[in-house]
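Please find one structure pasted underneath; my questions will follow.
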Amino acid sequence: MIQKSIPILISAILILTFFQGCKKKTIETTTVASTNGLVLRDGPKVSSKKILVIPDKSSIDILSYSDNTSVIGGKTAPWAEVRYNGKEGWVFSGYLANFTSQEFEDMSKLGSFARSPFTRKIYEQTIGTEIKESIIKNIPGKKEVKSIDKENRHDPEITDRHHTITSENLTFTIYEAVKLKKEILEALVITGNTVPLKHNITIGMTSKELEGVFGKPLEKKADEFIYATSDAVNVTVIFSFKNDKLKKILVAYPVD
């Protein structure tokens, strides 16, 4: 009976050893650096299925990094394959304690573009009070303002407001934290040459001409060039093309 059990025992040991050998090795250990926690997904992209939320300051094991990068919350970073409490998946590495900003050529040009003379005239800052009124007062041409109430992103019991201000070829979106009496400029969309832009950037220019100004983008999609924030420039700019002609510019500002 004992002799019959030996082959079974050996087989079990070999199978266990095989699966242990297949278990991915940890290349480094770090912690989550996001007060809202970090979503663990089943793939290295935002659209991948959510598995769970890893709490802030939790320790995780990093198994690998993705070849692709994403821009989330003003950070450009690859995705990290991680193990947490026995579960494996992917997280955006921009919100890990070991994250280091990635830079691209001539960050100063992107910063000065985002703060072109016309934007400084329209609004002096992106966080504060009376930003909405300053934009309404200073943007050229006929303007339209739409406001809607939404629940606070951190506290569902608080109602905040979102404002959209449009004029010829310009659209501004503003988040108003009512309780805090604070306004945050979220984004500016430019679709025409109504106003002059820094570095001779114009709607209609080619992607090659754009790269001649800012260098290679941190992320390049089929019809989008993304130049993202770093420690030096706290802004993300997305240039959208159609038939290799620039059609739209989105300047996205960080929102807490």
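Quick one: is Gly141 outside any helix (DSSP H, G or I) and either at pLDDT 90 or above or surrounded by 15 or more Cβ atoms within 10 Å (Cβ to Cβ) (or both)?
When the stated conditions are applied, Gly141 does not pass them.
Any residue in the stretch 196-212 that is over 18 Å from Asp244 (Cβ atoms) sitting within a Cβ distance under 6 Å of a residue that is of a type in the set (Gly, Ala, Ser)? List the pairs, counting only those 6 or more apart or interchain.
Close Cβ pairs (under 6 Å, with a partner that is of a type in the set (Gly, Ala, Ser)) amount to Leu197/Ser116; Lys198/Ser112; Lys198/Ser116.
Quick check: is even one residue across the stretch 199-216 in a strand (DSSP E or B) and among the charged types (D, E, K, R)? Reasoning before the result, please.
Residues of the stretch 199-216 that are in a strand (DSSP E or B), as a first pass: none.
No, the stretch 199-216 contains no residue that is in a strand (DSSP E or B) and among the charged types (D, E, K, R).
Looking for something in a helix (DSSP H, G or I), farther than 30 Å from His199 by Cα and either modelled with pLDDT of 80 or more or not assigned by TED's automatic domain parsing to the domain that holds Leu185 (or both) - is there at least one such residue anywhere in the stretch 31-51?
Filtering the stretch 31-51 down to residues in a helix (DSSP H, G or I) leaves none.
Scanning the stretch 31-51, I find no residue that is in a helix (DSSP H, G or I), farther than 30 Å from His199 by Cα and either modelled with pLDDT of 80 or more or not assigned by TED's automatic domain parsing to the domain that holds Leu185 (or both), so the answer is no.
Which residue, of Asp155, Asp149, Asp223, is in contact with a Phe, Trp or Tyr (Cβ under 7 Å, 6 or more places away or on another chain) and not assigned by TED's automatic domain parsing to the domain that holds Asn36? Reasoning before the result, please.
Values: Asp155 fails: in contact with a Phe, Trp or Tyr (Cβ under 7 Å, 6 or more places away or on another chain); Asp149 fails: in contact with a Phe, Trp or Tyr (Cβ under 7 Å, 6 or more places away or on another chain).
Only one candidate qualifies: Asp223.
For the list (1) outside the structural domain of Ser59 (by TED's automatic domain parsing); (2) assigned to a strand (DSSP E or B); (3) small (Gly, Ala, Ser), I need the number of the one condition that Ala77 fails.
Result: Ala77 passes all but (1).
Quick check on Ile201: is it surrounded by 15 or more Cβ atoms within 10 Å (Cβ to Cβ) and over 24 Å from Gly73 (Cβ atoms)?
Details: surrounded by 15 or more Cβ atoms within 10 Å (Cβ to Cβ): yes; over 24 Å from Gly73 (Cβ atoms): yes.
It is true that Ile201 is surrounded by 15 or more Cβ atoms within 10 Å (Cβ to Cβ) and over 24 Å from Gly73 (Cβ atoms).
When you go through Lys45, Lys25, Lys87, Lys49 one by one, which is the residue that is without any contact (Cβ under 8 Å) to a residue 12 or more places away in the chain and of a type in the set (Lys, Arg)?
Values: Lys45 fails: without any contact (Cβ under 8 Å) to a residue 12 or more places away in the chain; Lys25 fails: without any contact (Cβ under 8 Å) to a residue 12 or more places away in the chain; Lys87 fails: without any contact (Cβ under 8 Å) to a residue 12 or more places away in the chain.
Lys49 is the lone residue from the list that is without any contact (Cβ under 8 Å) to a residue 12 or more places away in the chain and of a type in the set (Lys, Arg).
A quick yes/no check of all residues on (1) over 30 Å from Lys137 (Cβ atoms); (2) not hydrophobic (A, V, I, L, M, F, W, C):
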residue: Glu151; (1), (2): no, yes
residue: Thr164; (1), (2): no, yes
residue: Phe172; (1), (2): no, no
residue: Ile184; (1), (2): no, no
residue: Ser207; (1), (2): yes, yes
residue: Glu211; (1), (2): yes, yes
residue: Lys221; (1), (2): yes, yes
residue: Val235; (1), (2): no, no
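The values are calculated or read from the model by the stated rules, or taken from the named source; none is laboratory data. Quick caveat: nothing in here was measured; it's all calculated off a predicted structure. Cβ atoms come from the backbone with ideal geometry, glycine included; neighbour counts cover every protein chain shown.
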